[in-house]
Amino acid sequence: MDVYEAVTSRRAVRGFTDKVVPREVLERVLCAAAWSPSGSNLQPWHAYVVIGEPLAELKKRAGKRVAAGDPWDEREYEMYPSALKSPYRERRSAFGEERYGALGISREDWESRQRAASANWDCFGAPAALFCYIDRGLGLPQWSDLGMYLQTVMLLLRAEGLHSCPQMAWSVYRKTVAEIVSPPDGLILFCGMSIGFEDVTVDYIRTGRAPLNETVTFVEG
Ligand SMILES: Cc1cc2nc3c(=O)[nH]c(=O)nc-3n(C[C@H](O)[C@H](O)[C@H](O)COP(=O)(O)O)c2cc1C
């Protein structure tokens, strides 16, 4: 698979089979992803890979919290600004339409949307998950390094025939994740990532993208 194909075939998959992801495949991917760039080569990511019984236990504990309507853990970072301005506001609502429209859920049906979103904490059925942490003393440029690392991981997973879904949703149950992975106090959970083989029976709508001239400006003579 070439890089273009890896980029265009990667998408946030929200339905996985229970087929096991071999540990050696995950190690191969993570060894290669370690070559991701970072400012001054700080390599500020710290990933925990959770599979097997610990992942089953995490899903069970998170599922109990969802079922009990437990309040989310207090935020360690804001996922989005409270008032999203244009064009981000419109892009977010277009995404909501695409995501929930594929499931036949209307804009007004808040309860069904919440139910669909709760599949996040079952990793959409995936048999493997990665939790990416960053040292709380690091700043915005290092957070962007994490993005490069995570995208590299997701592209390499494509090369292995695997799919993924990055999930900030896990940050609101970060204490439950911490019970399983025991990170040192100095780390903040940025996001989780479900990893596995796609369940091709799950419907989806491919998300769109803004036209190039909305996000790229060529400056030429
Ligand atoms: C940092 C990050 C966090 C995300 N968090 C979630 C999440 O919690 N749950 C989810 O279903 N999708 C999540 N997504 C997936 C995005 O919704 C998805 O990438 C976006 O809509 C574009 O669609 P595509 O990845 O399928 O091309 C996240 C993506 C990123 C990059």
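The values are calculated or read from the model by the stated rules, or taken from the named source; none is laboratory data. Just so you know, these numbers come straight off a predicted model, no measurement behind them. A quick note on method: Cβ atoms are made from the backbone with ideal geometry, for glycine too, and the neighbour counts reach across all protein chains shown. Note: accessible area is taken over every heavy atom of the protein model, side chains too, but ligands, DNA and RNA are not part of it. Shrake-Rupley method; radii C 1.70, N 1.55, O 1.52, S 1.80 Å.
Mind checking which residues of the stretch 121-160 are more than 12 Å from the ligand (Cβ to nearest atom), open to solvent by less than 40 Å² (accessible area, probe 1.4 Å) and part of a loop (DSSP other than H, G, I, E, B)? Within the stretch 121-160, Pro127, Gly139 meet the criteria. Just to be sure before I move on: is Gly96 open to solvent by less than 40 Å² (accessible area, probe 1.4 Å), within 12 Å of the ligand (Cβ to nearest atom) and either under 22 Å from Arg206 (Cα atoms) or not basic (Lys, Arg) (or both) in the structure I sent? Here the answer is yes, as Gly96 does meet what is asked.
Checking each residue of the stretch 59-71 against the condition of being modelled with pLDDT under 95 and closer than 24 Å to Gly186 by Cα gives at least one match. Among the residues of the stretch 1-51, those that are of a type in the set (Lys, Arg) and within 16 Å of the ligand (Cβ to nearest atom) comprise Arg10, Arg11, Arg14. Scanning the stretch 59-75 for residues that are touching a helix residue (DSSP H, G or I) at 6+ places or on another chain (Cβ under 6 Å), in a loop (DSSP other than H, G, I, E, B) and of a type in the set (D, E, K, R) gives a single hit, Asp73.
Selection within the stretch 76-93: residues that are in contact (Cβ under 8 Å) with a residue 40 or more places away in the chain and assigned to a loop (DSSP other than H, G, I, E, B). The member of this set that is most open to solvent (accessible area, probe 1.4 Å) is Glu76. Restricting attention to the stretch 61-75, the residues that are exposed (fewer than 13 other Cβ atoms within 10 Å of the Cβ) and either farther than 17 Å from Trp121 by Cβ or among the β-branched types (Val, Ile, Thr) (or both) add up to 1.
When Ala56 is tested against (1) touching a residue at least 40 places away in the same chain (Cβ under 8 Å); (2) in a helix (DSSP H, G or I); (3) of a type in the set (Gly, Ala, Ser), just one condition goes unmet, and that condition is (1). Quick one: in the stretch 107-120, of everything that is surrounded by 12 or more Cβ atoms within 10 Å (Cβ to Cβ) and either more than 19 Å from the chain's Cα centre (by Cα) or part of a loop (DSSP other than H, G, I, E, B) (or both), which residue is farthest from the ligand (Cβ to nearest atom)? By that ranking, first place goes to Asp109. For the stretch 180-210, the candidate set comprises residues that are assigned to a loop (DSSP other than H, G, I, E, B) and more than 16 Å from the ligand (Cβ to nearest atom); within that set, the residue that is surrounded by the most Cβ atoms within 10 Å (Cβ to Cβ) is Phe197.
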